[in-house]
Amino acid sequence: MNILALINHVLNFVAPAFFVGFFLAALAPWVLRKSPRRGTWMVRALSNSVCGLCALVGGLWFFGRDGKMLSYLGLILASAASQFCWMQAWRK
């Protein structure tokens with residue numbers, strides 16, 4: 001495997017976590033009708049993405065391969081839990 005193929009594999013592994021993380025951070029204020037503090041959008045998006053990426057890495061370690069639906073379920077649950085923690089922080 002050359003370096004370009006390795007980069008392609010890593011980006012394709014990371015892409016779902018970042019897409020879901022940024023999607024949740026962008027849509028949460030509209031769906032939940034909460035007003036976040038200014039400047040927290042990028043922090044929330046990166047936090048959601050990192051939590052989702054940890055779930056994907058855990059699924060890769062547990063199952064021994066990428067692309068299992070339970071890994072993607074873990075991605076969604078981890079990102080949602082991170083977003084929920086941010087929503088609880090807004091209430092205070």
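To the nearest ten degrees, helix 69-91 and the longest principal axis of the Cα atoms of the chain are 20 degrees apart. In the chain, helical runs assigned H by DSSP with n ≥ 4 each contribute -39500 (n - 2.57); averaged across all residues and rounded to the nearest 500, the mean residue ellipticity at 222 nm is -29500 deg cm²/dmol.
Computed from the alpha carbon atoms alone, the convex hull of the chain holds 93 Å³ per residue. Between 0 and 90 degrees, the angle of helix 3-32 with respect to the longest Cα principal axis of the chain falls at about 20 degrees.
Taking Cα centre as origin and charging only the Cβ of basic (Lys, Arg, +1) and acidic (Asp, Glu, -1) residues, the dipole magnitude of region 3-91 rounds to 420 debye. Each of Leu6, Val20, Ala80 was placed along the dipole of the chain (beta-carbon charges, centred on the mean Cα), and the one lying farthest toward the positive end is Ala80.
Highest mean first, what order results for 6-19, 52-65 on Cβ atoms within 10 Å?
Ranked by mean Cβ neighbours within 10 Å, highest first: 52-65, 6-19.
A simple spin-label model places the labels of Asn12 and Leu32 3.4 nm from each other, with each point 7 Å out along Cα-to-Cβ.
Every read-out reported here was derived from the displayed coordinates using simple, explicitly stated rules and does not represent laboratory data. Since the structure is predicted, the reported quantities are computational estimates derived from the model, not experimental observations. FYI the Cβ positions are ideal-geometry reconstructions off the backbone, even for glycines, and counts take in every protein chain you see.
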